[in-house]
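Structure first, commentary second.
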Amino acid sequence: MAGRSGRQCLGDRLVDPPTVWYGTRRDCPPALDQVKRAGASRTTALLVALIVALGFLVMATGPLGVSPAALLKAVAGSGSSQAELALSLRVPRLLAALACGAALAGAGAAFQILFRNPLASPDLLGVTSGAGLGAATALLLGAGAWIVQSAAFAGGLATGALALVCAGLASGGARSNDGRLSLILCGIVAGALATAGLGLVVIAAEPYSQLPSITYWLLGSFTRSDLGEALSALVPMTAGALVLLWLGFRLDVLSLGQEQARSLGLPAGPLRVIALAAAALMTSAAVAVAGVVGWIGLLAPHAARRLVGEQASQLIPASMAIGALAALAIDRLATAFGPAELPVGLLAALVGAPAFLALFIATARRA
């Protein structure tokens with residue numbers, strides 16, 4: 001919709017090609033957009049409230065269930081032994097579930113926006129396979145927990161970087177599809193190479209000692225980290241999330257194509273690389289902490305899109321909230337079947353696949 005002097009409205013901002021210029025809200029029709037933004041903010045706030053409520057419920061139930069007051073006393077150093085045990089065992093798991101779910105969902109939303117593909121997911125660049133290869137290699141060498149997580153993180157970033165570099169070389173300045181097809185194909189190739197390397201590691205692993213630990217790691221779990229490791233994993237996840245939130249409406253412009261972005265004064269190439277790097281950073285950190293946990297990054301953005309719409313500034317926070325809520329619920333469900341805990345990656349697939357199918361059918365009927 002055009003504003004004064006030929007400027008164009010993008011969301012609640014006034015854009016003046018060929019440079020980006022922000023006008024006041026009175027320069028753009030505010031009513032509908034402000035209503036949508038207010039509704040999206042309320043929805044995200046409600047999701048955050050549900051996360052807090054579910055977190056308290058998880059901490060208060062189960063064998064080591066403690067009340068919030070007892071947990072605060074344990075933090076202060078004056079709590080009971082049960083509260084201190086819950087603080088050392090359950091709080092890191094809670095933080096890992098929330099952070100990993102939010103990171104995977106935020107990365108998935110960014111990929112779906114950038115590629116204009118509802119089937120895009122955090123492992124699009126082969127990051128998940130690369131992280132699995134790094135962790136499996138470290139386990140094969142008998143490394144400790146910190147080294148395993150660092151190797152997974154490095155492997156995921158290396159695979160994503162390989163896909164980005166190969167896509168840049170393959171594009172060769174071509175502007176068709178803005179290099180999206182090249183990036184997808186290079187991501188598939190990088191992921192296939194990492195998967196092949198993972199297969200070699202599995203073959204080389206000792207079947208009675210090393211192979212079970214590698215298999216269990218690949219199935220996913222939120223129980224591997226202590227409090228220090230969980231907090232350290234929050235650093236790259238938070239950094240990537242802040243970058244995506246800062247990009248905001250720029251992701252919407254990038255999804256329109258390279259020429260449209262340039263006409264609005266945005267450096268399309270660098271911004272796309274920054275967004276992909278941030279999403280890969282979040283995915284690598286999540287896989288390094290929890291192993292391979294699928295479907296959350298694919299399903300959460302679809303659910304958020306039905307609640308808050310398509311705009312990136314609204315979709316990404318809502319997706320992260322839904323992802324954190326889903327990961328916490330799945331982790332709680334994993335411990336609900338007795339002493340034998342189900343791997344969260346396996347359970348996420350069992351729950352996520354039917355949920356995605358139901359969501360897809362409901363969306364198709366509404367179209």
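A few comments on the model shown:
- Phi to ³J(HN,Hα) by Karplus 6.51 cos²θ - 1.76 cosθ + 1.60 over segment 282-289, Hz, x for Gly, Pro: 5, 5, 4, 5, 5, 5, 5, 7
- Whole-Hz Karplus values for segment 260-277 come out as 5, 5, 5, 5, 9, x, 9, x, 4, x, x, 5, 5, 5, 4, 5, 5, 5 Hz, taken residue by residue from phi with 6.51 cos²θ - 1.76 cosθ + 1.60 and θ = phi - 60°; glycine and proline positions read x.
- Efficiency of FRET between Thr238 and Asn117 - r from beta-carbon atoms, R0 25 angstrom, step 0.05: 0.45
- Average accessible surface area per residue within segment 227-315, 1.4 Å rolling probe, Å²: 34
- Order by protection proxy (mean Cβ within 10 Å, highest first), peptides 318-329, 255-266: 318-329, 255-266
- Neighbourhood charge, 12 Å Cβ-Cβ cut-off, centred on Gln82 and excluding it, Lys, Arg +1 and Asp, Glu -1: +1
- Spin-label zone in segment 327-350 - amide nitrogen under 20 Å from a point set 7 Å from the Cα of Ala53 along the C-beta vector: 327-333
- Full extension of the chain segment joining Leu181 with Glu206 gains 5.0 nm, where the gain is 0.36 nm per residue of separation less the Cα-Cα distance.
- Modelled FRET efficiency - R0 51 Å, Leu72 with Arg366, Cβ distances, 0.05 increments: 0.65
- Projected area averaged over orientations for segment 129-233, convex hull of C-alpha atoms, nm²: 7.6
- Residues in segment 297-305 carry Karplus couplings, in order, of x, 8, 7, 4, x, 5, 5, 5, 5 Hz; the curve used is 6.51 cos²θ - 1.76 cosθ + 1.60 with θ = phi - 60°, and Gly or Pro positions show x.
- Distant-in-sequence amide H partners of Gly220 (H built 1.01 Å from N, under 5 Å): Val292, Gly345
- Cα gyration tensor category, rounded, prolate or oblate, for segment 158-304 with a/c compared to 1.5: oblate
- Protection proxy ranking, peptides 151-158, 186-193, average beta carbon neighbours within 10 Å, highest first: 151-158, 186-193
- Kirkwood radius and radius of gyration were both taken over the C-alpha atoms of segment 294-344, and their ratio Rg/Rh is 1.13.
- Shape class of segment 232-367 from the alpha-carbon gyration tensor: oblate, with a/c at 1.5 or above and b/c at least as large as a/b.
The values are calculated or read from the model by the stated rules, or taken from the named source; none is laboratory data. Since this is a predicted model, take the numbers as computed values, not measurements. So basically every Cβ, Gly included, is an ideal-geometry build from the backbone, and we count neighbours across all protein chains shown. Keep in mind that these areas ignore ligands, DNA and RNA; they rest on the heavy atoms of the full protein, side chains included. Shrake-Rupley method; radii C 1.70, N 1.55, O 1.52, S 1.80 Å.
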